[in-house]
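Below you'll find the structure, written out as C-alpha cells, and then a few comments.
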Amino acid sequence: MESSLGWVYFSRRAFKRAEALLAESGQGVLDEMGFLAVHSAYANRFFPGTSVLHTRLRYVLFIPWIYEDLSILGVERGQLARELEKREMLLTGRLEAGTVKGDSWGIIGVDNYQRKKPAAQPASQIYWGALGHWRVLRAQIGGQPPSRTMLHRSWRPRERRAPLDDDKTPLSEEAFPFTQLPPRPPHWENASSPLDFRILSKERQFLRNHLLSVTRRDGQPSFLSRLVERGPVVQPGLSLYDDSVLAAADRDDREALERARRAAALAAVGRGVYAALVEQVRENDGDTPTPRRHRENLSKVLARHGPEGSSLDVEAMREDADFPEDILEVLRELRRWVVQAPNRPEELATLFEKVEYLRKKDRARLSRTLMGRARRSEWDPESHPGAEPLHYRWHIVRNLLSDLGQD
C-alpha cells in the first residue's frame, strides 16, 4: 500500500474566517431556518449601526483615533493594514492593563492577545458599520460612507508636518475620512499607559450628538436616538418591552416593537420545532441513540411563547422593514400550526426540510439524503441551544447606553 503526504495551503484570511465561524458557533449563533433575517431587519430598524459583536461604546472613538495617529505618522497605503493590526493589539493590551484584574469584559480580542495573536475580528471591523451609520465616518460623494476596504484602498496619510492644535488634532481635515473628533484622553500617546472604557465629558457630548442624528429609513429619528434623547441610563436587566423603554418610541416604532415582540416569540417556537424534528428524524435513522430533550421541551416552548406568537400579523410586518419572502412564508405556516395543530410538529416537516435545504444545501440536517443523514449523526442534541426568542441586540444597546450615561 502506498502512502503519501500532501500539503494544503490556507491563506491568513481563510484562517481568520474559519476562526470567526468557530467563535460564532461557540456563542450559539445558529440560523437553520432563517429567523436571523427577522432579527437583523428589526434590529437595524430600531438600532441602526449596532452589531451583536459590539461591547463598549468607547471603541467608536478608539478606532478613529488610531486611524488619525496612522495618518499623522505618514503611514502609507501598503503599510496601513499591518500598522492598524499592531495598534489594535496594543489597544487591547492597554485596555487589559486598565481594567480590574479578572474583569476583562468588553475588551475585543483579549483572549487572542494573551496568546500574542491578533483578534479574529478586530474592533475596526466590528464597529465599522456604527462609524458609518452614526456619521463619525464621513460620507463620500453619493452620500454613503466608505467601506473599510474602500478606505484602505484610497488611503492617503496627511503630511508629517501638518499643523496640530493644542489637543494634537490636525487643523486641516482635508482627505481625512473621519469627522472632527473630541480630544484624545490624557496619556493617549504613551503606548505603555493603561486605558479604560470610561467616557469623558467632551467624548460623551460628541457621541450623544452623533447618536441623536441616527434616523430610520423614513427619515424620522430612530428608536436608538429617541432613547439617547430621553435618558436616563438603561438599567441592567431592563426588558426592551418595559414601559419605561417603550415610552421613548413614537407611534410607528411602538407598533413595530409590538410586532417584533410577537415575531420573536414565534421564532422561538420555530427553533423549538426545528430541534424536535431533527431529534425525531435522527432517531428514525437508527444510527445513534437519540435523547428526547428537544421533543419534550417543545410543549414548554409552546406554552411560554405560543400564545404571543400566534397573534402575530405577518403581513403587517412589511410596514416595518424588508423581509425575505421565504421567512414570511415560514412565519405564516408556523402561526397557522400553533393555532391549529401544535401537538403534531411533523406537519411542518416538509416545509422545514425545504427551507433548510435551500439555505444550507448539503449541510442541512432535515434532508432525507445521505448527506443529511450524516449531518444528523454528527449533531449533538445536548449541546444544541434551547429555543429562545429573538433579542434584536437589545442587551448590546443597553450596554452602550449605560456606557454613554456613566460619569
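In region 307-317, the condition of being over 17 Å from residue 36 (Cα atoms), touching a Ser or Thr at 6+ places or on another chain (Cβ under 7 Å) and either touching a residue at least 40 places away in the same chain (Cβ under 8 Å) or open to solvent by less than 20 Å² (accessible area, probe 1.4 Å) (or both) is met by no residue.
Quick one: how many residues across region 341-366 are in contact with a Phe, Trp or Tyr (Cβ under 7 Å, 6 or more places away or on another chain) and open to solvent by less than 10 Å² (accessible area, probe 1.4 Å)?
So the count comes out to 4.
Within region 348-359, being of a type outside the set (Phe, Trp, Tyr) and over 21 Å from residue 308 (Cβ atoms) holds for 349, 350, 351, 353, 354, 355, 356, 358, 359.
Considered as a group, the residues in region 201-225 that are part of a loop (DSSP other than H, G, I, E, B) and open to solvent by less than 80 Å² (accessible area, probe 1.4 Å) include one that is farthest from residue 92 (Cα to Cα), and that residue is 219. Of the helices (runs of 4 or more DSSP H) lying entirely inside region 336-407, the ones with 2 or more residues being within 25 Å of residue 287 (Cβ to Cβ) and basic (Lys, Arg) are found at 349-360, 370-378. Only residues that are open to solvent by less than 30 Å² (accessible area, probe 1.4 Å) and either among the hydroxyl-bearing types (Ser, Thr, Tyr) or outside any loop (DSSP other than H, G, I, E, B) (or both) were counted in region 179-199, giving 1. Only a single item in (1) assigned to a helix (DSSP H, G or I); (2) surrounded by fewer than 21 Cβ atoms within 10 Å (Cβ to Cβ) is not met by residue 269, and it is number (2). Within region 226-246, being crowded, with 18+ Cβ neighbours inside 10 Å and part of a loop (DSSP other than H, G, I, E, B) holds for 234, 240. Filtered by the rule that a residue be of a type outside the set (A, V, I, L, M, F, W, C), open to solvent by 40 Å² or more (accessible area, probe 1.4 Å) and in contact (Cβ under 8 Å) with a residue 60 or more places away in the chain, region 61-82 gives 76, 77. When residue 249 is tested against (1) assigned to a helix (DSSP H, G or I); (2) under 21 Å from residue 39 (Cβ atoms); (3) open to solvent by less than 40 Å² (accessible area, probe 1.4 Å), just one condition goes unmet, and that condition is (1).
In the set 403, 380, which member is at pLDDT below 95 and surrounded by 19 or more Cβ atoms within 10 Å (Cβ to Cβ)? Show your work before the answer.
Numbers: 380 fails: surrounded by 19 or more Cβ atoms within 10 Å (Cβ to Cβ).
Exactly one of 403, 380 is at pLDDT below 95 and surrounded by 19 or more Cβ atoms within 10 Å (Cβ to Cβ), namely 403.
Residue 299 meets the conditions (1) surrounded by fewer than 18 Cβ atoms within 10 Å (Cβ to Cβ); (2) not in a helix (DSSP H, G or I) in every case but one. The failed one is (2).
Could you tell me whether any residue of region 280-288 is surrounded by 16 or more Cβ atoms within 10 Å (Cβ to Cβ), of a type in the set (Val, Ile, Thr), more than 26 Å from the chain's Cα centre (by Cα) and assigned to a helix (DSSP H, G or I)? Looking for residues that are surrounded by 16 or more Cβ atoms within 10 Å (Cβ to Cβ), of a type in the set (Val, Ile, Thr), more than 26 Å from the chain's Cα centre (by Cα) and assigned to a helix (DSSP H, G or I), one finds at least one in region 280-288, hence yes.
Do the conditions hold for residue 255, that is, is it more than 30 Å from residue 306 (Cβ to Cβ), open to solvent by 50 Å² or more (accessible area, probe 1.4 Å) and assigned to a helix (DSSP H, G or I)?
Numbers: more than 30 Å from residue 306 (Cβ to Cβ): no; open to solvent by 50 Å² or more (accessible area, probe 1.4 Å): yes; assigned to a helix (DSSP H, G or I): yes.
No; evaluated as a whole, the condition is false for this residue.
Given the condition modelled with pLDDT of 90 or more and among the aliphatic types (A, V, I, L, M), answer yes or no: does some residue in region 170-186 qualify? Yes, because at least one residue in region 170-186 is modelled with pLDDT of 90 or more and among the aliphatic types (A, V, I, L, M).
The values are calculated or read from the model by the stated rules, or taken from the named source; none is laboratory data. No experiment lies behind these values; they were computed from the predicted model shown. Heads up, the Cβs are rebuilt from the backbone with ideal geometry, glycines too, and the neighbour counts pull from every protein chain shown. In case anyone asks, the SASA skips ligands and DNA or RNA and just uses the protein heavy atoms, side chains included. Shrake-Rupley method; radii C 1.70, N 1.55, O 1.52, S 1.80 Å.
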